[in-house]
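Reading through the structure tokens given below for one structure.
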Amino acid sequence: NAGVTQTPKFRILKIGQSMTLQCTQDMNHNYMYWYRQDPGMGLKLIYYSVGAGITDKGEVPNGYNVSRSTTEDFPLRLELAAPSQTSVYFCASRDFGTGDQPQHFGDGTRLSIL
Amino acid sequence: RKEVEQDPGPFNVPEGATVAFNCTYSNSASQSFFWYRQDCRKEPKLLMSVYSSGNEDGRFTAQLNRASQYISLLIRDSKLSDSATYLCVVNTGTASKLTFGTGTRLQVTL
């Protein structure tokens, strides 16, 4: 049972570089989310998607972009990496349905910008 | 005021102790509520949903007070393996977006 898969697990970037964090889920979930978690802090929502072709901003979208061309994939793009984007990034998915259904998380991407 | 507030702890308790965590939320329109557990440097995992009637799962009991906008988690007979950060999480409605508290750290010792 793969669930939510994130790649890479670790990455070091130089300031100004770009990269894409990959997220894929095999549960046919409509909803997908990207969060970042800074040390000692809660998760903050970057972007989310309610289905293929539909994305929307979360609480902290600046400096990021997303796309959702398929149900399975929800990549997160950093165009010009900045030290403030050093964080742990989690992707999550959730089935369509009542609000008490849980989100399922990938095991995270640890990103350092130097 | 933060949307979801928790005491960060740490709570240091001996094995076998009972420990309670509290959480308050600011959005009265919040629809559903959860406790997630997060181990060091790992992803959050659902511990349990929280219902108005209160609910129990083994040694864990969750309570919700909508009038006071207050959520609690009680852990009985603490185990070493319960050591983790417990995240209070609120579903704020649209697209089931979740708002996370910063977490309460629990350390269970021998």
Original post:
Considering the range A:61-74 alone, what residues qualify as being more than 12 Å from the chain's Cα centre (by Cα), surrounded by 14 or more Cβ atoms within 10 Å (Cβ to Cβ) and either of a type in the set (Val, Ile, Thr) or not in a loop (DSSP other than H, G, I, E, B) (or both)?
Top reply: A:Thr71
Original post:
Under the condition of being crowded, with 17+ Cβ neighbours inside 10 Å and away from chain A (no Cβ under 14 Å), which residue from the range B:89-110 is farthest from B:Pro44 (Cα to Cα)?
Top reply: B:Val108
**OP:** Say whether the condition of being under 26 Å from A:Ser87 (Cβ atoms) and either within 16 Å of the chain's Cα centre (by Cα) or surrounded by fewer than 20 Cβ atoms within 10 Å (Cβ to Cβ) (or both) is met by at least one residue in the range B:54-65.
**Re:** no
**OP:** Can you tell me which residue within the range B:66-83, out of those that are among the hydrophobic types (A, V, I, L, M, F, W, C) and open to solvent by 10 Å² or more (accessible area, probe 1.4 Å), is nearest to B:Ala29 (Cα to Cα)?
**Re:** B:Ala67
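Residue-wise test of (1) buried (at least 20 other Cβ atoms within 10 Å of the Cβ); (2) at pLDDT below 95.
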| site | (1), (2) |
| --- | --- |
| A:Val4 | yes, no |
| A:Pro8 | no, no |
| A:Met19 | no, no |
| A:Ile46 | yes, no |
| A:Thr86 | no, no |
| A:Phe96 | no, yes |
| A:Leu114 | no, yes |
Subject >> Subset of the range B:64-85 (residues that are in contact (Cβ under 8 Å) with a residue 12 or more places away in the chain, of a type in the set (A, V, I, L, M, F, W, C) and not in a strand (DSSP E or B)) >> reply: B:Leu80
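Conditions tested, residue by residue: (1) more than 19 Å from A:Gln37 (Cα to Cα); (2) part of a strand (DSSP E or B); (3) touching a residue at least 24 places away in the same chain (Cβ under 8 Å); (4) within 14 Å of chain A (Cβ to nearest Cβ).
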| site | (1), (2), (3), (4) |
| --- | --- |
| B:Trp35 | no, yes, yes, yes |
| B:Arg41 | no, no, no, yes |
| B:Ser53 | yes, no, no, yes |
| B:Leu87 | no, yes, yes, yes |
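The values are calculated or read from the model by the stated rules, or taken from the named source; none is laboratory data. Quick caveat: nothing in here was measured; it's all calculated off a predicted structure. As a convention, Cβ positions derive from the backbone with ideal geometry for all residues, glycine included, and neighbour counts pool all protein chains shown. Note: accessible area is taken over every heavy atom of the protein model, side chains too, but ligands, DNA and RNA are not part of it. Shrake-Rupley method; radii C 1.70, N 1.55, O 1.52, S 1.80 Å.
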